[in-house]
Amino acid sequence: MLRLLRNAELFAPEPRGRNDLLIAGDRIVAIAETLAMPPSVVPIETWDLAGANVVPGLIDGHVHVTGGGGEAGPHTKVPPLSAESLAYAGITTAIGVLGTDATTRSVRELVAAVLGLRARGLSAWCCTGSYELPVPTVTGSIRGDLAFVDPIIGVGELAISDHRSSQPTVDEILRVAADVHVGGMLANKAGVLHLHVGDGVRGLDLVRIALDISELPASVFHPTHVNRNPRLLDEAIALACDRGCTIDITAFPDEDLGDALPADRAIALCLDRGVPLERITCSSDGGGCMPTFDRDGRLVAMGVGQPGSIVETLRRLVINHHLPLHVALQPFTTNVARTFRLARKGRIVVGADADLAIIDDRLLVRGVIARGEVWLRDGIGAGRGLANI
Ligand SMILES: [Zn+2]
């Protein structure tokens, strides 16, 4: 099946101007100002975009695809996320994480959910492990999971500086980081240690000490939720500027912000303070619980992370902070692809996967193509239900 997109205002993410795109199967095979129609014997569907903005499909690097939560009993477990809830929010690639609960949930369940998203036509990978130590795995070891389980590309979200963590020591963090680093090498995968950082006073101490006393590269450590309070964001900015780590900003829903900085303000602040743009990623924590705890660690309120929060952050970066679209896109596209080493993701170039979002001038998602298949057209779901499989 060929699909010819006419008159796309292309952001690859760099601005490329008005172009036609030809998609064959799940790949982009040609981009040019004007593409000739293939011979009439070839089945082709043409879509005239009339100058609409076409950007890379967003990559959400932290999604609780199985649903997270459960921190106030089994009735507070969040249900699994649907493929539609991701795709309709412009997300064509998701990286799944388990979260607090590896007791009533498992990494196997996470891998199965990721394979389910792939079968539906999205792109998905995941981290092995959860908040806790020892790291729960599928094969019995971190290195084994990276080597033998296709969707597993890192470890996470391992919790530090949080009352829900396993209270890991530096030596324990170093051992996990070494295993994910070397496992990544053996498997030719990213080998990232994706760290959930809580609001404890130790902040990013463990990461700084691990970098000080080991030979591990900064690229192994990818701390997330770093905008959960201003003090932690200051530490994260220093870690990115001085140590070269890539930091992950969480797009918390407005109603669950608490002490957190909204993701758009956090990204703008990072850029103001000199963090190189390529060291910033932004994820939704979609499907994760957004708890509020009392002083005894009891949950008193709970929201749920929403996949749509990352495109809303993109919108605010452009409209409220006046960032050029091609700049604002990078924490959601190229930077995530580089961090997790997803070679055919995050860019609109010949040979890349045909993952595209079509957004209007108000930055609302009007169309989505994932691996060559249309999920959303003119703001309406294209009916890629189970019956289409
Ligand atoms: Zn987390």
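Just so it is clear, none of the values below were taken in a lab; they were calculated from the coordinates. Bear in mind the structure is a predicted one, so any value in this text is a computation, not a measurement. Virtual Cβ from ideal backbone geometry, glycine too; neighbours counted across all protein chains shown.
Things worth noting here:
- Two-site FRET efficiency, Leu299 against Arg108, from Cβ-Cβ distance with R₀ of 45 Å, rounded to 0.05: 0.95
- The peptide list 133-145, 155-167, 81-93, put in order of mean Cβ contacts within 10 Å with the highest first, becomes 81-93, 155-167, 133-145.
- Table column - 3J(HN,Hα) (Hz), the range 147-156, Karplus curve with 6.51, -1.76, 1.60, x for Gly and Pro: 6, 10, 10, 3, x, 7, 10, x, 10, x
- Calculated FRET value between Ser214 and Asp234, using beta carbons and R₀ = 35 Å, to 0.05: 0.90
- The residue list Pro168, Pro291, Ala36 was ranked by how far each Cα lies along the charge dipole of the chain toward its positive end, using unit charges on Cβ atoms, and Ala36 comes out on top.
- Calculated log₁₀ intensity ratio I(q)/I(0) where the Debye formula runs over C-alpha points of the chain, q = 0.09, 0.12 Å⁻¹: -0.49, -0.87
- Between Ser40 and Asp242, the simple label model (points 7 Å from Cα in the Cβ direction) yields a spacing of 7.0 nm.
- Taking 37 °C and 0.692 mPa s as conditions, the range 108-222 diffuses translationally at an estimated 230 µm²/s according to Stokes-Einstein applied to its Kirkwood radius (Cα pairs).
- Most mobile listed residue (Leu146, Leu277, Leu98) in the chain, GNM with C-alpha springs under 10 Å: Leu277
- Close amide H pairs (under 5 Å, H built 1.01 Å from N) link Val304 with Met290, residues at least 5 positions away or on another chain.
- As a proxy for reagent exposure, Phe148, Phe340 were ordered by neighbouring Cβ count within 10 angstrom, fewest first; the result is Phe148, Phe340.
- Where trypsin sites (Lys or Arg not before Pro) fall in DSSP loop in the range 339-370, at most 11 other Cβ within 10 Å: Arg362
- Order by protection proxy (mean Cβ within 10 Å, highest first), peptides 42-49, 234-241, 124-131: 124-131, 234-241, 42-49
- Fluctuation leader among Phe293, Phe252, Phe332 - the chain, Gaussian network, Cα springs under 10 angstrom: Phe293
- Taking other Cβ atoms within 10 Å as a rough exposure proxy, Asp26, Asp20 sort from fewest to most as Asp26, Asp20.
- Amide H contacts under 5 Å for Leu10, placed H, 5+ residues apart: Arg16, Gly17, Arg18, Asn19, Val54
- Phi-derived couplings, Karplus 6.51 cos²θ - 1.76 cosθ + 1.60 at θ = phi - 60°, listed residue by residue for the range 103-110: 9, 9, 10, 8, 5, 4, 4, 5 Hz, with x used for Gly and Pro.
- Less than 5 angstrom separates the built amide H of Arg366 from those of Ile358, Ile359, Asp360, all sequence-distant by 5 or more or on a different chain.
- Sorting Val63, Val336, Val180, Val170 from the fewest to the most surrounding beta carbons within 10 angstrom yields Val170, Val336, Val63, Val180.
- Per-residue HN-Hα couplings for the range 134-141 [Karplus 6.51, -1.76, 1.60; θ = phi - 60°; Hz; x = Gly/Pro]: x, 5, x, 9, 8, 9, x, 8
- Taking the convex hull of Cα positions in the range 99-165, its mean projected area over all directions (nm²): 4.6 nm²
- Spin-label model distance (nm) - Ala32 vs Asp150, 7 Å beyond Cα toward Cβ: 3.4 nm
- Against the chain, whose longest principal axis is taken from its Cα atoms, helix 309-319 shows a tilt of about 70°.
- Choice from Ile310, Ile247, Ile209 showing the highest fluctuation, given a GNM over the chain with Cα pairs closer than 10 Å: Ile209
- The fraction of all Cα pairs in the range 16-71 landing in successive 5 Å bins from 0 to the largest distance is 4, 11, 20, 19, 12, 8, 8, 7, 6, 3, 1, 1, given as whole percents.
- One way to sum up the overall shape of the range 1-119 is the equivalent ellipsoid from its Cα gyration tensor, whose semi-axes run 39, 15, 10 Å, largest first.
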